[in-house]
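> A single structure is presented below for examination.
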Amino acid sequence: MGEMGLRERKKRQMYQDVSDIAVRLFLERGFEAVPVAEVAAAAGISKPTLFRYFPAKEDLVLHRIADHEAEAARVVTGAADPVDALRRHFLAGLERRDPVTGLNDHPQVLAFHTLLYGTPALVARAYGHLERSEAALAEALGGGLDARLAAGQIIAVQRILAQDNWRRIAAGEPVDEVAPDAVRAAERAFGRLAAGLPELVPTSETR
């Protein structure tokens, strides 16, 4: 068991190291300008080995957000009020300036988001991430069409809120000035979700 744990840790570290090297090169010269073979050489591995870890070039970048695919599903699991649980989770992310909320002005975070949102191939590949997030959330909400519709709305709200925060900060607005608006926008958006998804909100009898 301990050996398997060590192997898993080494594998995770390999993913992280190769992704970090790739992102650094992409930020320096642009996603399209850096071939996969150069990333592999910089990481000290062969190109076939790299593709065993990352099936597509875009995955070298998207690895950084892969851990968030099941985040919404984890938040709602066991929650009496899924929408409120997600609202509180998002607000907590804003409070700690979590990059996934877009409310972060660290130069490396801004550069990464500019790379991600400014590269059509990465934007297209990111839709797969969103689809998997929706699928995991829908499953956690019980499955079925209603759950899938709810999951689609929730994931869209989180994405739009985060992108709006990032765009304002990338345009030069101070993060501390964006923060109050970000909180109000999140409260308003999740309030509308709660009103529009009554099947996910407990009735007064069950509170």
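The values are calculated or read from the model by the stated rules, or taken from the named source; none is laboratory data. Everything quoted here is computed from the prediction, not taken from an experiment. Positions of Cβ are generated from backbone atoms using ideal geometry, with glycine treated the same way; all protein chains shown enter the neighbour counts. Just so you know, the surface numbers come from the protein's heavy atoms only, side chains and all, with ligands and any DNA or RNA stripped out. Shrake-Rupley method; radii C 1.70, N 1.55, O 1.52, S 1.80 Å.
> Take residue 74 and decide whether it is exposed (fewer than 11 other Cβ atoms within 10 Å of the Cβ) and under 23 Å from the mean Cα position of the chain (by Cα).
no
> I'm trying to understand the selection: among the residues of region 28-42, which are assigned to a helix (DSSP H, G or I) and exposed (fewer than 12 other Cβ atoms within 10 Å of the Cβ)?
Within region 28-42, 28, 29, 37 qualify.
> Can you find even one residue in region 114-126 that is closer than 22 Å to residue 74 by Cα and open to solvent by less than 50 Å² (accessible area, probe 1.4 Å)?
The answer is yes; a qualifying residue exists.
> Quick one: residue 192 ticks every box in (1) part of a loop (DSSP other than H, G, I, E, B); (2) modelled with pLDDT of 95 or more bar one, so which box is it?
Only one criterion is unmet by residue 192, namely (1).
> Right, next: Looking at region 148-178, which of the residues that are polar (S, T, N, Q) and open to solvent by less than 80 Å² (accessible area, probe 1.4 Å) is farthest from residue 67 (Cα to Cα)?
Among them, the one singled out is 165.
> Can you tell me which residue among 145, 130, 94 is over 21 Å from residue 61 (Cα atoms) and surrounded by 15 or more Cβ atoms within 10 Å (Cβ to Cβ)?
Values: 145 fails: surrounded by 15 or more Cβ atoms within 10 Å (Cβ to Cβ); 130 fails: over 21 Å from residue 61 (Cα atoms).
Residue meeting the stated conditions: 94.
> Let me ask something additional. Return yes or no: is residue 61 closer than 22 Å to residue 187 by Cβ, among the aliphatic types (A, V, I, L, M) and outside any loop (DSSP other than H, G, I, E, B)?
The answer is no for residue 61.
> If we only count helices (runs of 4 or more DSSP H) wholly inside region 64-181, which ones have 3 or more residues that are among the aliphatic types (A, V, I, L, M) and modelled with pLDDT of 95 or more?
Answer list for region 64-181: 71-76, 82-95, 120-140, 144-170.
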